[in-house]
Amino acid sequence: MTQNSTNQGPKIALFEPDIPQNTAAIIRFASCFGMKIHIIEPCSFSLDDKRFTRVAMDYMDINHLHRYSDFKNFKDNNKKSRIILLTTKSPISYLDFKFKKNDILLLGRESKGVPKELHSSLKYKLKIPISKNTRSLNVAISGAVASAEALRQNNFL
């Protein structure tokens, strides 16, 4: 099924991304499903970085990319959407959550997640259950897994 790039469905937000290859992979999968991407600055690399462009390839041209100077600016510009943090520190599985069409899935920094005060200020926090013998998934994989479920629940897949 070909996705429409003007999809009004779930979106992905990246909080201060610091690994160019992960950000590029997220942009690539989001583009394939017509999802909008929000980047909350500061981004620790240039979008011209070769590590970034090698993975993003030509998907930057077809994706709707929005950049924000900080989290407050992001939140102020997305008041009609629920912001849902994906975190290992939530008791609620993404499989037990009812996603809405306009939700924004928030992914923290690869190296630090999101600050404690931001974490505690968000109402919706979900985890992806994984083996007890492991620590966490790669941020791009986490984004893809949760996005697939949000898209499925809202009939975008």
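Assorted remarks:
- Counted residues, the range 92-119 - those being touching a Leu at 6+ places or on another chain (Cβ under 6 Å), open to solvent by less than 20 Å² (accessible area, probe 1.4 Å) and more than 20 Å from ASN138 (Cβ to Cβ): 0
- Scan of the range 8-24 for residues that are open to solvent by less than 20 Å² (accessible area, probe 1.4 Å) and not polar (S, T, N, Q), ordered by number: GLY9, PRO10, LYS11, ILE12, ALA13, LEU14, PHE15, PRO17, PRO20, ALA24
- Entry remark, the range 134-152: residues being open to solvent by less than 40 Å² (accessible area, probe 1.4 Å) and not hydrophobic (A, V, I, L, M, F, W, C) number 4 in total.
- Residue satisfying all of: in the range 30-77; among the basic types (Lys, Arg), over 20 Å from ILE141 (Cα atoms) and out of contact with any strand residue (DSSP E or B) (no Cβ under 9 Å at 6 or more places or on another chain); modelled with the highest pLDDT among these: LYS72
- Scanning the range 85-101 for residues that are among the aliphatic types (A, V, I, L, M) and touching a helix residue (DSSP H, G or I) at 6+ places or on another chain (Cβ under 8 Å) returns LEU85, LEU86, LEU95.
- Those residues of the range 103-117 which are part of a loop (DSSP other than H, G, I, E, B), at pLDDT below 95 and within 20 Å of PHE29 (Cβ to Cβ), in sequence order: GLU110
- Pairs, first within 16 Å of THR53 (Cβ to Cβ) and free of Cβ contacts under 8 Å to residues at least 40 places away in the same chain in the range 26-42, second outside any helix (DSSP H, G or I) and polar (S, T, N, Q), C-beta under 6 Å, six or more apart: ILE27/ASN63; SER31/ASN63; ILE37/ASN63
The values are calculated or read from the model by the stated rules, or taken from the named source; none is laboratory data. The structure presented is a predicted model; accordingly, all values stated were derived computationally and were not measured. Glycine also receives a Cβ, built like all others from the backbone with ideal geometry; neighbour counts cover every protein chain displayed. Remember, those area values only see protein heavy atoms, side chains included, never the ligands or the DNA or RNA. Shrake-Rupley method; radii C 1.70, N 1.55, O 1.52, S 1.80 Å.
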